[in-house]
Amino acid sequence: MTTASTGVDRTVLRDMLSRWPSGVAVVTTVDRAGARRGFTATAFSSLSMDPPMVLVCLDRAADCHPAFASAEVMAVHLLNEDQAHLAQRFATKNIDKYDGLPASEGLGGVPLLGGVLARVECALERRIDAGDHVILIGLVRRCEVFAGAPLVYFARAFHGLRTATHHREADTP
């Protein structure tokens, strides 16, 4: 199967893209009715330090797309290596992603998940249409960092990332 606009084989493209390891995040918001929404993302990045901004990419086919199209706030949660279950939950369509899941309330009522590696709360500043995704740009209002190791997505699977210990030559026997 090829993409209509470029003739690139989608299977090969997906396989190639799966070779790029990325961190895993869960992005949350509340819709206009106050319902909690969210999705799993591997496309997250710092955008600017002054002003502090981040971006995350959302598939237009995601069931939470309408909520993020009008949301005023979002929180991006960088997952710990033992939180693959959260990544799976927030990647699953047509379920209540918050059923039985404890979440506190952040700025603007945005749901905050616990046990994460880091978290950033943002005012949603801009949305940019890009192919089958929307780039959500957030102005950072608050961020927190916690202990742990990141969950990584590589070759279509979740993995923990162990920190390697490096020694200088003078330190090795």
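Here region 22-57 is the region considered, the condition is being outside any strand (DSSP E or B) and touching a residue at least 24 places away in the same chain (Cβ under 8 Å), and the residue that is surrounded by the fewest Cβ atoms within 10 Å (Cβ to Cβ) is Gly34. Check region 46-60 and report whether any residue there is within 12 Å of the chain's Cα centre (by Cα), of a type in the set (Asp, Glu) and closer than 23 Å to Leu124 by Cα. Yes; the residues of region 46-60 include at least one that is within 12 Å of the chain's Cα centre (by Cα), of a type in the set (Asp, Glu) and closer than 23 Å to Leu124 by Cα. Those residues that are open to solvent by less than 10 Å² (accessible area, probe 1.4 Å), of a type outside the set (A, V, I, L, M) and outside any strand (DSSP E or B), I need them from region 58-81; list them, please. Correct list: Cys64, Phe68. Scanning region 30-58 for residues that are under 14 Å from Val140 (Cα atoms) and touching a strand residue (DSSP E or B) at 6+ places or on another chain (Cβ under 9 Å) yields Phe44, Ser45, Ser46, Leu47, Ser48, Pro51, Pro52, Met53, Val54, Leu55, Val56. Residues of region 4-21 include none that is closer than 30 Å to Glu72 by Cα and either free of Cβ contacts under 8 Å to residues at least 12 places away in the same chain or under 9 Å from the mean Cα position of the chain (by Cα) (or both). Report the residue count in region 91-112 for those that are in contact with a Lys or Arg (Cβ under 8 Å, 6 or more places away or on another chain) and not small (Gly, Ala, Ser). Looking only at that region, the number is 7. Can you give me the number of residues within region 90-139 that are open to solvent by less than 50 Å² (accessible area, probe 1.4 Å) and at positive phi? The total comes to 1. Checking each residue in region 102-137 for being charged (D, E, K, R) and not in a strand (DSSP E or B) picks out only Asp132.
The values are calculated or read from the model by the stated rules, or taken from the named source; none is laboratory data. Predicted model, so just to flag it, every value in this text is computed and none were measured. Ideal geometry is used to build each Cβ from the backbone, glycine not excepted, and the neighbour counts take in all protein chains shown. Each accessible area value is taken on the protein alone, full model and side chains, heavy atoms only, with ligands, DNA and RNA left out. Shrake-Rupley method; radii C 1.70, N 1.55, O 1.52, S 1.80 Å.
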